[in-house]
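FYI, it's all coordinate maths here, none of it is from the lab. Quick caveat, the model's predicted, so the values are computed rather than measured. When we count neighbours, we look across all protein chains shown, and the Cβ atoms used for this are built from the backbone with ideal geometry, even at glycine.
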Amino acid sequence: LVRTEDGRPKLKVIDFGIAKLLSPMVSGIGHRTERGEILGTPEYMAPEQADGGLGGVDARTDIYALGVVLHELLVHELPVPSERLRGRDWSEVREVLRTHVRRPMSEVAANAQGASAGNHPDRHHVARAVQGSLDAIVARAI
């Protein structure tokens, strides 16, 4: 993302999840995440990451989180609503992430209500704008 600072564009660094080394460091430290340890924000967490195995956390989990961020930026809603995840134990969170049926962004935009609809006075225009390639890109990422 880019923000304006002193009238000039400045890049903002974004981390799409919990960092994990893909190969041991030259210094020999290696990765420190323990097997079964779950770290991250459930709304942006890939189902494989929620399973807790180290093998499920790699560049693909960042692509998943990027897809969630893009979904949220375009239609002002998360693909998996927070209320489906918060206040649950990890086994329930894993199950929701694994089984939740995500609607295409164009459908989410067309049916927007409340705060989301307020952000987009012409929700049908937004639905048409994201239909097709953007729907497919986000669906593929998540």
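Working from label points 7 Å from Cα in the Cα-to-Cβ sense, the residue 136 to residue 92 distance is 3.8 nm. Sorting the segments 126-139, 79-92 by their mean number of nearby beta carbons within 10 angstrom, highest to lowest, gives 126-139, 79-92. Converting phi to 3J(HN,Hα) with the Karplus coefficients 6.51, -1.76 and 1.60 and the offset θ = phi - 60°, region 92-102 yields 6, 4, 4, 5, 4, 5, 6, 10, 4, 8, 8 Hz in sequence order, with x at every glycine or proline.
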